[in-house]
1. Name every residue in region 160-199 that is in contact with a helix residue (DSSP H, G or I) (Cβ under 6 Å, 6 or more places away or on another chain) and polar (S, T, N, Q), in order of residue number.
2. Anything in region 82-138 that is within 21 Å of the chain's Cα centre (by Cα) and among the small types (Gly, Ala, Ser)? List them, or say none.
3. Quick check on my filter: what residues within region 1-39 are on the phi > 0 side of the Ramachandran plot, within 16 Å of ligand 2 (Cβ to nearest atom) and either touching a strand residue (DSSP E or B) at 6+ places or on another chain (Cβ under 9 Å) or assigned to a strand (DSSP E or B) (or both)?
4. Could you identify the single residue in 89, 51, 82, 42 that is under 28 Å from residue 159 (Cβ atoms), more than 16 Å from ligand 2 (Cβ to nearest atom) and free of Cβ contacts under 8 Å to residues at least 60 places away in the same chain?
5. Inside region 1-26, can you point out the residues that are more than 10 Å from ligand 1 (Cβ to nearest atom) and acidic (Asp, Glu)?
Amino acid sequence: MAEETVHALRGVSVTVDQGEFCSIIGPSGSGKSTLMDILGCLSRPTSGKYLLDGDDVSKLPDKRLAEVRNKKIGFVFQAYHLLARATALKNVELPLIYAGAGKRERRKMAEEALDRVGLADRMGHRSNQLSGGQKQRVAIARALVTNPSLILADEPTGNLDSRSGEEILEILETLYQQGNTLILVTHDNKVANRTNRIIQIFDGLVDSDMVNTPTDSTVAGAPVLSDIS
Ligand SMILES: Nc1ncnc2c1ncn2[C@@H]1O[C@H](COP(=O)(O)OP(=O)(O)O)[C@@H](O)[C@H]1O
Ligand SMILES: [Mg+2]
């Protein structure tokens, strides 16, 4: 910032194993977004290393970094970031178009991904015809369609009512149970409590890093395990 150097992160050291479901929490300005940008290969650390799948990606030029991002990272944003006038199917096909997949193959893969998030009956809808929860499900389908190494979600339930938010959390839990690696940023402790590890960032440093036993949904009327048996 002009003359002044801002240290958004000041020596964060974490290792996330394949198949983990972890959350990053911390107050505003603590460095969460900066850390997510680095994890998502949207920016590089000015010092230090970022190993993704064992490869140091912290010094790659932009074009290579973009390729890594397309191949290995799936993003889910708070505000969905879909193409409003494109169909759900087209939105999910997009990363496959960038990856150079053939027309028939990418159609099939996008259909499968939308089916996995329960939107088989909405594939032809334009995204601006969908509810918030449905939009976020399209965004999750888009994130997982390339079978990425890492799915990053930045406040994925932040714009949703509690019931749609619960649906999204259940989908993320299912993806975790299927072996995907997920990292989400949230300021909501209830959301963080659904993950298996909570990394707390404060002032650009890891303040605490704890294994967590996920708690059940707290949404009124939602089934809890004891109700089902
Ligand atoms: N491009 C930038 N230029 C200057 N300061 C920045 C920039 N990006 C982030 N910061 C600062 O770095 C710190 C961490 O920011 P950020 O990662 O956005 O935090 P969080 O997402 O936890 O709110 C803040 O003090 C913020 O003001
Ligand atoms: Mg932020």
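1. 164, 186
2. Listed by number, the residues that qualify are 84, 88, 99, 110, 113, 118, 127, 131, 132, 133.
3. 26, 31
4. Just a single option satisfies the conditions, and that option is 89.
5. Within region 1-26, 3, 17, 20 meet the criteria.
To keep it simple, each residue is scored yes or no on (1) within 16 Å of ligand 2 (Cβ to nearest atom); (2) under 21 Å from residue 38 (Cβ atoms); (3) touching a residue at least 60 places away in the same chain (Cβ under 8 Å).
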site: 136; (1), (2), (3): no, no, yes
site: 140; (1), (2), (3): no, no, yes
site: 148; (1), (2), (3): no, yes, yes
site: 154; (1), (2), (3): yes, yes, yes
site: 164; (1), (2), (3): no, no, no
site: 174; (1), (2), (3): no, no, no
site: 187; (1), (2), (3): yes, yes, yes
site: 195; (1), (2), (3): no, yes, yes
site: 198; (1), (2), (3): no, yes, yes
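One line per residue, one yes/no per condition, for (1) within 21 Å of residue 187 (Cα to Cα); (2) within 13 Å of the chain's Cα centre (by Cα):
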| site | (1), (2) |
| --- | --- |
| 6 | no, no |
| 10 | yes, no |
| 14 | yes, no |
| 20 | yes, yes |
| 23 | yes, yes |
| 26 | yes, no |
| 36 | yes, yes |
| 40 | yes, yes |
| 43 | no, no |
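Let's see how each residue does on (1) out of contact with any Ser or Thr (no Cβ under 6 Å at 6 or more places or on another chain); (2) in a strand (DSSP E or B); (3) surrounded by 19 or more Cβ atoms within 10 Å (Cβ to Cβ):
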position	(1), (2), (3)
140	yes, no, yes
143	yes, no, yes
170	yes, no, no
179	yes, no, no
195	no, no, yes
200	no, yes, no
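The values are calculated or read from the model by the stated rules, or taken from the named source; none is laboratory data. Since we're looking at a predicted model, the values are computed, not measured. Cβ atoms come from the backbone with ideal geometry, glycine included; neighbour counts cover every protein chain shown.
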